[in-house]
Amino acid sequence: LNNALNGVEVYSALSTPPTVSVLLYNNTITGNEKWGVALASVLGTTKLTMKNNIVMRTGSGIGAFIYSNGYPGTITLVSDYNDIYGSGRIAFYYGSTDTPMSLAAWRTAASQDASSVSADPLFTNPSDGDYTPRSGSPAIGASVYIPGVSTANPPNIGAK
């Protein structure tokens, strides 16, 4: 994907357990009401690789990045080089807990996002749909090159 999105949920609950692999690269996910990214596998195997994304909560509710391994299915998450930020409250959830945690606690619990940040991406004009990072944005040149996806090295975090 390479889009401006309003939340992403990867969820599998089919009676025949599938193997699902999702690559989520260079997206701007903003304006979400409940979560930025939610990953849960009730049955089967789900793998989500998430790099170079901006997940930004713009309202007053909770913006969340959720990785739940509290289900019978198997979940693998590879997440890094993201900017996860909110003007409301941002919370990370790991495992089957309903206890929100900070980015620092998430890094320890989930062993993810070592190079990710939680800072205002400084969009040019989001009210008019311009999610381009402006000068001084922590998203500029801060992500990892992905062959076949990236056009610059190093690329910006978020949609191209």
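The values are calculated or read from the model by the stated rules, or taken from the named source; none is laboratory data. A quick note: this is a predicted structure, and the numbers were derived from the prediction, not measured. For neighbour counting, all protein chains shown are included, and Cβ atoms are generated from backbone atoms with ideal geometry for every residue, glycine included. These accessible areas exclude ligands, DNA and RNA; they are computed on the full protein's heavy atoms, side chains included. Shrake-Rupley method; radii C 1.70, N 1.55, O 1.52, S 1.80 Å.
Worth a mention:
- From phi via Karplus (6.51, -1.76, 1.60), per-residue ³J(HN,Hα) for the stretch 122-127 in Hz, x at Gly/Pro: 6, 5, 5, 7, x, 5
- Across the accessible surface of the stretch 92-131, with the other protein chains kept in place and a 1.4 Å probe, carbon and sulfur atoms take up 48 percent.
- If R0 is taken as 25 Å, the Cβ-Cβ distance between Ala109 and Asp130 corresponds to a FRET efficiency of 0.10.
- Backbone amide hydrogens, once placed in the peptide plane, bring Gly141 within less than 5 Å of Asn156, Ile157, excluding anything fewer than 5 places away on its chain.
- The 1.4 Å probe gives accessible areas that order Arg57, Arg134, Arg107, largest first, as Arg134, Arg107, Arg57.
- Gly86 long-range amide H proximity, modeled H, under 5 Å: Arg57
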